[in-house]
Amino acid sequence: MANIYKNKFYEPTVTTAITVYTCPSNATAIVQNIQLSNTSGSKNVTAKLNDSSASATYSIAYASITGPTICNIAKGPIVLEENDALSLESTTTSGITAVLSILEISREDQNG
């Protein structure tokens, strides 16, 4: 088993949901932070979790922010199981970015 720390970045080019991270089929993952950075203006951002085992998508976090500001919309750890995906959706494509801080826990030996 291996613990792998990862960052995934979001810089939207469309105002529809963009998958930022998908948990591998041989792992589980813990999302610690979803840090949004808004350089100016008002924006609404929604985080969505696609639960692979339930074949359903859930809105799990929402922020209405006015810039310049930085905020974390993950108010606690978010556990992703195999093949679950986390996406972000913003009302605009300019001046908004995000970084996800993730601990990925692989069930495979990294030495073999």
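Annotations
- Computed over the range 19-79, relative contact order equals 44 percent, with contacts defined as Cα pairs under 8 Å that lie 6+ residues apart.
- Loop sites in the range 3-112: GluC sites (Glu not before Pro), DSSP, at most 11 other Cβ within 10 Å: E108
- Exposed trypsin sites (Lys or Arg not before Pro) absent: longest stretch of the chain, with sites in DSSP loops and at most 12 other Cβ within 10 Å deemed exposed: 1-74
- Between amide H atoms placed 1.01 Å from N, distances below 5 Å from Y21 occur with L86, all of them 5 or more places distant or on a separate chain.
- Taking every C-alpha pair closer than 8 Å and separated by at least 6 residues, the mean separation divided by the residue count of the range 2-106 gives a relative contact order of 50 percent.
- Each label was represented as a point 7 Å from its Cα along the Cα-to-Cβ direction; for N72 and R107 these points are 2.9 nm apart.
- In a simple Cβ point-charge model (Lys, Arg +1; Asp, Glu -1; nothing else charged), the chain has a dipole of about 400 debye relative to its Cα centre.
- Counted by neighbouring Cβ atoms within 10 Å, the residues I96, I105 run from fewest to most as I105, I96.
- Distance between the 7 Å Cα→Cβ label points at A56 and S40: 4.2 nm.
Read-outs throughout are calculated quantities, based only on the coordinates presented, and are distinct from any laboratory measurement. In this text the structure is predicted, and so the values were computed from the model without any measurement. Here Cβ is always computed from backbone atoms with ideal geometry, including for glycine, and neighbour counts include all displayed protein chains.
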